[in-house]
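Working notes for the structure below.
The values are calculated or read from the model by the stated rules, or taken from the named source; none is laboratory data. Given the structure is predicted, the values throughout are model-derived calculations rather than measurements. Cβ placement follows ideal geometry from the backbone for every residue including glycine, while neighbour counts extend to all protein chains displayed. Accessible surface is based on the protein model in full, side chains and every heavy atom, while ligands, DNA and RNA are left aside. Shrake-Rupley method; radii C 1.70, N 1.55, O 1.52, S 1.80 Å.
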Amino acid sequence: MNRQGAFFTGQYRNLLQAYNYALPEIEDRIQTCWRQLFGDSPDTRIYYEAEEDMGYLLDTGNLDVRTEGMSYGMMMAVQMDRQDIFDRLWRYTMKYMFITEGPNAGYFAWSCLPDGSPNSNGPAPDGEEFFALALFFASHRWGDKDEAPFNYGQQARDLLHTCIHKGEKDGYGSPMWNPDNKLIKFVPNCEFTDPSYHLPHFYELFAEWANPEDRLFWKEAAVASRKYLPTACHPETGLAPEYSYYDGTPNNERGYGHFFSDSYRVAANLGVHAEWFGSDSELSKIAERILTFFSDKNPDDYRRYTVAGVPFEEKSLHPVGLIATNAVAALAAPNHEHARAAVDLFWQTPIRTGDRRYYDNCLYLFALLALSGRYRIWLPKNE
């Protein structure tokens, strides 16, 4: 890291403005997108209120509620200063998704039906890491309440403690991060990973705010993930598989060793990491390779690809999400010859409508926030 990121400088780049989009137009796009996702338009909404004081994000393709979406929604809400929606999502999550018994106690069930009926008794770690950082940001932006679960900071610290110490004393359950190599797992009881789960910029912040005895672990996890990502991303295309082994080798069991929906998030993660903590030469090279690979691809013909870039017949399920994440990669390589084109393509692309809109449009709103300098680190008020 070159220590030029916003964590050190307090300054956030508005890459959209740098590429000559007008500030009022940018702000209008952000607010319009928020209303489309969190308002009442049947063609675009993904947020729904439940009972008197709860809400959820619906995976409109699978008709379930996922920790991925709930944690994304909480992060969006804290960035948009909507504590009301944040608290509704967190109430629902704690009531219907928090696991209180068994080997996964302390984690969140990754899927349930909109009425709260469980679809799973196990977690997906990308939800936990987004929950934790969104809770820290809520604590810092709005302050903690006395009563659980709205003592946000303590909730985040407790969750992170569970994530790395689960089963340590009694052997019951498994941690979400491998204690030896400090890499996040795909699920706690397996020993492989998902490249899109690797968020070293989150771990740097966990190293600041987690329980004091856990902070060294998170610092080491940030270093480990930065070293891992270049091994998982192809040296020519930059493409990552959906699942990989710890050495970066694609895990192609059941076909998950190729570039497909999960993989798209790697590009966005590289961009946000660069924005928050400054450029890392190896990570920036990955972003440049991704931008180059997609520079001559028609979005109407996006496919599943091998990590070497060989296309399958199968079309992309989430082309709008891929356009959005590739645009965010420009934050890690703003001077690259294809960066401006990736951002322009994103700007010209409307949000998605229809059954599969949930994943695409989550990535779309995050891209708008990141590219406009509105995806921010919320520090404790005394810092």
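Data table
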| read-out | value |
| --- | --- |
| Listed residue pairs exceeding 30 Å between alpha carbons, taken from LYS185/LYS297; LYS285/LYS315; LYS95/LYS185; LYS95/LYS315 | LYS185/LYS297; LYS95/LYS315 |
| Dipole magnitude of the range 258-383 about its Cα centre (Cβ charges: Lys, Arg +1; Asp, Glu -1), debye to nearest 20 | 320 debye |
| Cβ-derived FRET efficiency at R0 30 Å, LYS381 paired with GLU52, nearest 0.05 | 0.45 |
| Distribution of pairwise C-alpha distances over the chain, 10 Å bins, in % | 5, 25, 36, 27, 6, 0 |
| Peptide ranges 219-225, 296-302, 51-57, 356-362 listed from the most packed, as the mean C-beta count within 10 angstrom indicates | 356-362, 219-225, 51-57, 296-302 |
| Solvent-accessible area per residue, Å², over the chain with all protein chains present [probe radius 1.4 Å] | 40 Å² |
| Rounded percent of accessible protein surface that carbon and sulfur make up, the range 1-150, 1.4 Å probe | 45 percent |
| Gain in span if fully extended, ARG254 to ALA148, counting 0.36 nm per residue against the direct Cα distance | 34.1 nm |
| Peptides 60-71, 26-37, 245-256 ordered by average Cβ neighbours within 10 Å, highest first | 60-71, 26-37, 245-256 |
| Cα-based shape type of the range 287-353, given that a ≥ b ≥ c are square roots of the gyration tensor eigenvalues and the cut on a/c is 1.5 | oblate |
| Percent of Cα pairs exceeding the 23 Å cut-off, where the set is the range 230-383 | 34 percent |
| Residues ASP355 and ASN189, FRET efficiency given R0 of 35 Å [Cβ-Cβ distance, rounded to 0.05] | 0.65 |
| Rough spin-label spacing in nm, given labels placed 7 Å along Cα→Cβ, for ASP296 and THR9 | 3.4 nm |
| The range 102-125 versus the range 146-173: alpha-carbon centroid distance in Å | 16 Å |
| Three-way shape call for the range 161-234 based on the alpha-carbon gyration tensor, with the a/c threshold at 1.5 | oblate |
| log10 of Debye I(q)/I(0), alpha-carbon scatterers only, for the range 148-201 at 0.13, 0.28 Å⁻¹ | -0.37, -1.09 |
| All-pairs Cα distance distribution in the range 195-290, expressed in whole percent, bin size 10 Å | 18, 48, 28, 7, 0 |
| Top positive-direction residue, dipole computed over the chain with Cβ charges, set THR349, ALA274, ASN335 | ASN335 |
| Note, ³J(HN,Hα) from phi for the range 349-363, Karplus 6.51, -1.76, 1.60, rounded to Hz, x at Gly and Pro | 9, x, 5, 8, 10, x, 4, 8, 6, 4, 5, 4, 7, 4, 5 |
| Spatial separation of Cα centroids for the range 319-372 and the range 34-72, in angstrom | 20 Å |
| Kirkwood-based shape ratio for the range 80-189, expressed as Rg/Rh from alpha carbons | 0.97 |
| For the chain, size of Cβ-based charge dipole, Lys and Arg +1, Asp and Glu -1, in debye | 700 debye |
